[in-house]
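Step one of this worksheet: look at the structure below.
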C-alpha cells in the first residue's frame, strides 16, 4: 500500500502563511470590481520551521519550478464569491500541493511471469518463426 504523507503540524504551518487580498478577475459583474475576494497565499518554504531538513530538501526538489527566487510558494484562489471561502480554498490547495510533493511511491515488487504467459510468449515466437520461414525464397536450382 502506498504511503500517503499527511502534512503534520497544520496549525504551526498556518502561522507561517501570508495572505493578501486582490480583486478577482473574470466574470462577476459589479461585485468583482468593488470587492477584493481573490486570495493570494505566500509560503516561504526555505525559512519554514514546519518541516524537517529531509522533507524540505524533497519539497525544494519537487516544487523548484513553482518557487520564487526567494523560495516562496505562491498559491491563488478566486473561484468563490466570498473572501473566507477563497481563503479556505487556498489553504486546501497548498496542503494538497505539499502532500503531493512529499508523497513517496513505494518500490515496485518484481513478480514471476505466470506459466500461461510464458507458454503464450513461446507460442507467439514459434508462430513468428513459422511466418518468416514461409517468406523465405526457396530456389532449388
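Values in this text are rule-based calculations from the coordinates and carry no lab data. Quick caveat, the model's predicted, so the values are computed rather than measured. Here the Cβ is made from the backbone with ideal geometry for all residues, glycine too, and neighbour counts use every protein chain on show.
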request  = Have a look at 24, 53, 110 and tell me which one the Gaussian network model of the chain (Cα, springs below 10 Å) gives the largest fluctuation.
outcome  = 110
Mean Cβ count within 10 Å, highest first, over the residues of peptides 93-101, 13-21 = 93-101, 13-21
inquiry  = Checking a compactness column here: for the stretch 65-141, what do you get for Rg(Cα) / (2.2 N^0.38 Å), N being the number of residues?
reply    = 2.58
Cα-based radius of gyration of the stretch 10-102 once divided by 2.2 N^0.38 Å, which approximates compact folds = 1.17
